[in-house]
1. Could you check how many residues of region 72-87 are in contact with a strand residue (DSSP E or B) (Cβ under 9 Å, 6 or more places away or on another chain) and aromatic (Phe, Trp, Tyr)?
2. Would you list the helices (runs of 4 or more DSSP H) that sit entirely within region 88-187 and hold 2 or more residues that are touching a strand residue (DSSP E or B) at 6+ places or on another chain (Cβ under 6 Å), touching a residue at least 60 places away in the same chain (Cβ under 8 Å) and within 28 Å of SER26 (Cβ to Cβ)?
3. Tell me, which residue of region 1-39 that is of a type in the set (Ser, Thr, Tyr) and over 14 Å from LEU149 (Cα atoms) is farthest from the chain's Cα centre (by Cα)?
4. Residue check: is GLN203 touching a residue at least 12 places away in the same chain (Cβ under 8 Å), farther than 17 Å from SER100 by Cβ, touching a His at 6+ places or on another chain (Cβ under 7 Å) and open to solvent by 20 Å² or more (accessible area, probe 1.4 Å)?
5. For region 53-70, how many residues are part of a helix (DSSP H, G or I) and surrounded by fewer than 19 Cβ atoms within 10 Å (Cβ to Cβ)?
6. Restricting attention to region 109-159, which residues are open to solvent by 30 Å² or more (accessible area, probe 1.4 Å), under 22 Å from PRO34 (Cβ atoms) and under 17 Å from the mean Cα position of the chain (by Cα)?
Amino acid sequence: ITTSSQGALPVPELARRKKARALLASTSEVYGDPEVHPQPESYRGSVNPIGPRACYDEGKRCSEAFFFDYHRQYAVDVCVARIFNTYGPVLNQGDGRVVSNFVVQALRGEPITVYGEGTQTRSFCYVSDLVEGLIRLMNARDFTGPVNLGNPSEFTMLELAEVVVELTGSRSEIVHRPLPEDDPTQRQPDIRLAKERLGWAPQVSLREGLKPTIEYFREVLASGR
């Protein structure tokens, strides 16, 4: 929580001194376990402030407040991107993200761990699409956001696991574990604002993006890195 909140504070202060534009990489987690679906930027979220995910959720919400306070009080040029699940090559195999978890488990022939019934949904954006969105946001000098950057194509965790098994050619079985506390049941970005203000929308489908991601992890595991 210190990293997400206090760690963000020097950034708009530096931008104020240097008269620079500062971008905050915020997150879809500011919406918590949403009661509105898909999630537009106007939705204020449903976050448990004392739950196990609060350190990240509330830390990012706090960092957004920092940035907008500097914008209002000092006219600092800021912009805020609310980033939804992003994946691609060079992910850390031990970072705990669902795509890297599933791919590594499948390539190792280990059981693929799905929490709950696997009906909770996520939307997966390939890294090149996200980078393009961030560049367009930084270049939109009259636009602060916040703006959702993510792929609106929605998949259940079970669907993702099945696609990973298929594309890796794995014989891994899918096993179910208890659902973690405060795990969001739905996650899908409303990207109408990004389309309108940035002319941006994702181009890479989940299957297209998973192929180079899988090959990257296959090389990593083969090399023993």
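1. 2
2. Numbers: elements: 98-108, 127-139, 157-168.
In region 88-187, the matching helices (runs of 4 or more DSSP H) lie at 98-108, 127-139.
3. Among residues in region 1-39 that are of a type in the set (Ser, Thr, Tyr) and over 14 Å from LEU149 (Cα atoms), the one farthest from the chain's Cα centre (by Cα) is THR2.
4. Answer is no for this residue.
5. Qualifying residue count for the region: 7.
6. Residues satisfying the conditions are PRO152, SER153, GLU154, PHE155, THR156.
The values are calculated or read from the model by the stated rules, or taken from the named source; none is laboratory data. Quick caveat, the model's predicted, so the values are computed rather than measured. Neighbour counts are summed over all protein chains in view; Cβ atoms, including those assigned to glycine, are modelled from backbone coordinates with ideal geometry. Remember, those area values only see protein heavy atoms, side chains included, never the ligands or the DNA or RNA. Shrake-Rupley method; radii C 1.70, N 1.55, O 1.52, S 1.80 Å.
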